[in-house]
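Engineer: The structure follows.
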Amino acid sequence: MSKTVHKWASLFVGIQLLIWLATGLYFNLMDHEKATGNNNRQHVSQIGNHQDFVFKPIKSLGLPVPKALNLVWILGEPYYQLKYELPAHAEALQDQLVVHAVTGTSFQLTERDALKIAKQSFTGTVTEPIISFVQPPIDNLPKQKTAVWKVQLGDVDNTEVFVNAYTGEVVGHFNDDRRLRDLMFTLHFMDYNNQGVSIIGGLFYLARLRFLSISGLIWLVELVKSQQFKISFYKENKAVQLHYSDNSKTETLILKSNDTVLESLAIKGVFIPSSCGGGGTCGKCKFIANKDASIWPADRQQLSKEELEQGYRLSCQHNVSELENITLAKQLNAKHIYLTLVSSEFVTPFIKELKFEPTSNAVLNYRAGAYMQLHIPASQYEATFDDIPEGYQSFWKGMASQTLQHDKTVRSYSIVNFDTETHQLTFAVRWQVPVNKIGEVGIGSSYLCSLSLGDTIEATGPFSEFYARPNSLNRRVFIGAGSGMAPLRAIIFEQFNKYDVSNPTLFIFGARTEKDLLYKDEFQKLESTNSSFNYVPVLSQPSSNWQGREGYVQDILEDYINQDDPLTDIEFYLCGPAAMMIEVENKLHLLGIDSLNIFKDDFSRNSK
């Protein structure tokens, strides 16, 4: 909770600092004369010739005795201004009476009079003026307490002239330059209530700074208590007891305190399954921690209440520093191998198909849908985009090469092929490019897509956790999008080409354009040779020549599920972007599909 509060407070304070910088720059560069809004304003005397008028004595008018009496001129006519209260400033509400000094009639400023006064005060060109009577509060005149005539002159600067409806006085000129200045003053002095410049805004900002400091201190205390934050000038090592529940084996490992359990164990050759690359979204990297280990939001989201009570945590979310003991369910016999890149080519505008051969000619047996953990070393290199095929270059327009530097990390990628299809390992890696081509590209995807033929990389696996239910006769529906194609393609071709199944199988695959349809020819060929298989591509941004389905996979899903069929006899396999999978799963639940019949592979963190 303190982390969330601190981040929101930081956001507000940071935004205000940026506003101060921007408005301060404006005040230094602005044209001060234009910013007043008075660059086309002139003073015109409305005083007439006294000798042309015979003034009535004020006493003869039979009016109450005022506290102050003035002779004022409006459009060359003389008026008595009788003030019965003396306000602190001119904009305040005034108890006064204005009468003609010759006839004694009460003064009333008409629309025509207001327009005439406004024109006299303006040196620019007036076109099609618009006049309106405005009662306070008045946006441009927050302190004005008496009604005014607003005259919009229709000039190029959108000038508005405000004329006091009771005295005929020109209260102010406002144009685009003045409005911009007022906006900048409002932002700079935080006068969001139009109360004028005061110390309140500054005190409010200081209060937010104090709140930021307090929330940051609380967060820091929580991190220190949970041992997720420790001040050190070197990476401490820590002895941790590692247990395996399946064989009662125990060993002592010296691990780096500030690394996550997932990373530190991988360095020691102890591998925990994780298909999301350490993002806390797949929920597969479970281990049993100390009973007092902290529970983080990802733990609560991915683990059941019972598991949390038993001490289960996600190894990607916890640092070694907070633990004394680590218990794993079983010791994985995952292979640690080296792979040599033998083929690298774009198969869609942003997806590269990478084919590797094990350097040791190791034979890998695994279920289709498996993934490998690819070890990305600490590197500094130039990520260039000069090998983009001509047909895809328009998608990369504006993308400049980047110099990347990063520490070693691990990324998980599903294997596109099944084990007996080829001795090679094929991966479909989406090169992660920032929105609008602004910002850094993905670390893992850039490293892999920048490899040259003959380069080698370390890998661990395969890990088989997402696969077709064996010996099932149920109908199968595969739903995917983007690089989520990889495990689905492997499973589908394994079932038909390795096991020669006859289960009715539907594959709905979502993409943006025709060029994003990964392995389209393969699936169309499989569909033409196997009556049990149906391939349905769906495009969200199709060309005018597209003859297939349009929209998103979740939008058309219901069209392919017969409500009359037993829903318990359908298996669903999902892989793709997190948002798509959430929507599809929610729709399946609304259709009455049991969670036991929904299988999914979450790779949402692997984007980087």
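The values are calculated or read from the model by the stated rules, or taken from the named source; none is laboratory data. Because the structure is a prediction, the values reported are computed rather than measured. Positions of Cβ are generated from backbone atoms using ideal geometry, with glycine treated the same way; all protein chains shown enter the neighbour counts. The protein model used for the area step is the full one, side chains on, heavy atoms only, and it has no ligands, DNA or RNA in it. Shrake-Rupley method; radii C 1.70, N 1.55, O 1.52, S 1.80 Å.
Engineer: Check segment 256-273 and report whether any residue there is modelled with pLDDT of 80 or more and in contact with a Pro (Cβ under 8 Å, 6 or more places away or on another chain).
Structural biologist: So far as segment 256-273 goes, no, none of its residues is modelled with pLDDT of 80 or more and in contact with a Pro (Cβ under 8 Å, 6 or more places away or on another chain).
Engineer: Now, a different point. Looking at G196 and the list (1) under 18 Å from T36 (Cβ atoms); (2) modelled with pLDDT under 85; (3) open to solvent by less than 50 Å² (accessible area, probe 1.4 Å); (4) not in a loop (DSSP other than H, G, I, E, B), which single condition is not satisfied?
Structural biologist: (4)
Engineer: Any idea which of (1) in contact with a Phe, Trp or Tyr (Cβ under 6 Å, 6 or more places away or on another chain); (2) not in a strand (DSSP E or B) is the one Y573 doesn't satisfy?
Structural biologist: Tallying (1) in contact with a Phe, Trp or Tyr (Cβ under 6 Å, 6 or more places away or on another chain); (2) not in a strand (DSSP E or B), Y573 fails exactly one: (2).
Engineer: Something else: I'd like to know if segment 491-507 contains one or more residues that are closer than 22 Å to A370 by Cα, within 32 Å of the chain's Cα centre (by Cα) and either surrounded by fewer than 21 Cβ atoms within 10 Å (Cβ to Cβ) or free of Cβ contacts under 8 Å to residues at least 60 places away in the same chain (or both).
Structural biologist: yes
Engineer: I would also like to ask the following. Can you tell me how many residues within segment 149-170 are among the aliphatic types (A, V, I, L, M) and more than 20 Å from S45 (Cα to Cα)?
Structural biologist: 2
Engineer: Only one residue in L448, L453, L473, L425 is over 29 Å from K600 (Cβ atoms) and either surrounded by fewer than 19 Cβ atoms within 10 Å (Cβ to Cβ) or at pLDDT 90 or above (or both), so which one is that?
Structural biologist: Result of the check over L448, L453, L473, L425: L453.
Engineer: Take segment 529-566 and flag every residue that is open to solvent by 100 Å² or more (accessible area, probe 1.4 Å) and either among the β-branched types (V, I, T) or modelled with pLDDT of 95 or more (or both).
Structural biologist: Correct list: T529 only.
Engineer: Does D516 satisfy the condition of being without any contact (Cβ under 8 Å) to a residue 40 or more places away in the chain and either more than 24 Å from N562 (Cα to Cα) or touching a helix residue (DSSP H, G or I) at 6+ places or on another chain (Cβ under 6 Å) (or both)?
Structural biologist: Details: without any contact (Cβ under 8 Å) to a residue 40 or more places away in the chain: no; either more than 24 Å from N562 (Cα to Cα) or touching a helix residue (DSSP H, G or I) at 6+ places or on another chain (Cβ under 6 Å) (or both): yes.
No: the conditions fail for D516.
Engineer: Does segment 64-73 contain at least one residue that is surrounded by 17 or more Cβ atoms within 10 Å (Cβ to Cβ) and either touching a Lys or Arg at 6+ places or on another chain (Cβ under 7 Å) or part of a helix (DSSP H, G or I) (or both)?
Structural biologist: yes
Engineer: A follow-up question, please. Among all residue pairs at least 6 apart or on different chains, which show Cβ distances below 6 Å where the first residue, located in segment 55-69, is under 12 Å from L82 (Cβ atoms) and in contact (Cβ under 8 Å) with a residue 12 or more places away in the chain and the second is open to solvent by 70 Å² or more (accessible area, probe 1.4 Å) and not acidic (D, E)?
Structural biologist: Sorted first by the residue in segment 55-69, then by its partner, the pairs are K67/L86.
Engineer: Of the residues in segment 14-33, how many are open to solvent by less than 100 Å² (accessible area, probe 1.4 Å) and at pLDDT below 80?
Structural biologist: 6
Engineer: Have a look at D594, D601 and point out the one that is in contact with a helix residue (DSSP H, G or I) (Cβ under 6 Å, 6 or more places away or on another chain) and either without any contact (Cβ under 8 Å) to a residue 60 or more places away in the chain or surrounded by 17 or more Cβ atoms within 10 Å (Cβ to Cβ) (or both). Spell out how you get there, then give the answer.
Structural biologist: On the way: D594 fails: in contact with a helix residue (DSSP H, G or I) (Cβ under 6 Å, 6 or more places away or on another chain).
Selected residue: D601, the only one of D594, D601 that is in contact with a helix residue (DSSP H, G or I) (Cβ under 6 Å, 6 or more places away or on another chain) and either without any contact (Cβ under 8 Å) to a residue 60 or more places away in the chain or surrounded by 17 or more Cβ atoms within 10 Å (Cβ to Cβ) (or both).
Engineer: Tally the residues that are small (G, A, S), in contact with a Lys or Arg (Cβ under 9 Å, 6 or more places away or on another chain), farther than 20 Å from L341 by Cα and assigned to a loop (DSSP other than H, G, I, E, B), restricting the search to segment 364-405.
Structural biologist: Filtering segment 364-405 for residues small (G, A, S) gives 368-370, 378-379, 383, 391, 394, 398, 400-401.
Okay, now just the ones that are also in contact with a Lys or Arg (Cβ under 9 Å, 6 or more places away or on another chain), so 368, 378-379, 391, 398, 400.
Narrowing further to those that are farther than 20 Å from L341 by Cα: 368, 391, 398, 400.
Applying the additional criterion that residues be assigned to a loop (DSSP other than H, G, I, E, B) yields 368, 398, 400.
The total comes to 3.
Engineer: Pull up segment 530-561, narrow it to residues that are touching a Gly at 6+ places or on another chain (Cβ under 8 Å) and among the β-branched types (V, I, T), then point me to the one that is farthest from E583 (Cα to Cα).
Structural biologist: Once the filter is applied, the top-ranked residue is V536.
Engineer: Scanning for something on the phi > 0 side of the Ramachandran plot and assigned to a strand (DSSP E or B), does segment 454-465 turn up at least one residue?
Structural biologist: Yes; the residues of segment 454-465 include at least one that is on the phi > 0 side of the Ramachandran plot and assigned to a strand (DSSP E or B).
Engineer: Here's something else I'd like to know. Could you please tell me which pairs satisfy a Cβ distance under 6 Å, a separation of 6+ or placement on different chains, a first residue in segment 346-367 that is touching a residue at least 60 places away in the same chain (Cβ under 8 Å), and a second residue that is buried (at least 17 other Cβ atoms within 10 Å of the Cβ) and among the β-branched types (V, I, T)?
Structural biologist: The qualifying pairs are K352/V429; E353/V347; L354/V429; K355/T426; P358/I337.
Engineer: Could I ask something else about it? Take segment 291-307 and flag every residue that is open to solvent by 20 Å² or more (accessible area, probe 1.4 Å) and within 20 Å of Y244 (Cβ to Cβ).
Structural biologist: Correct list: K291, E307.
Engineer: Going through Q310, Q317 one at a time, which residue ends up being without any contact (Cβ under 8 Å) to a residue 60 or more places away in the chain, open to solvent by 40 Å² or more (accessible area, probe 1.4 Å) and touching a Pro at 6+ places or on another chain (Cβ under 9 Å)?
Structural biologist: One residue alone meets the criteria, Q317.
Engineer: Take segment 361-388 and flag every residue that is more than 19 Å from F427 (Cα to Cα) and either β-branched (V, I, T) or surrounded by fewer than 17 Cβ atoms within 10 Å (Cβ to Cβ) (or both).
Structural biologist: Within segment 361-388, A378, S379, Q380, Y381, E382, T384, D386 meet the criteria.
Engineer: Could you look through segment 464-490, keep only residues that are among the polar types (S, T, N, Q) and closer than 22 Å to C282 by Cβ, and pick out the one that is nearest to the chain's Cα centre (by Cα)?
Structural biologist: Per the criteria, the residue is S483.
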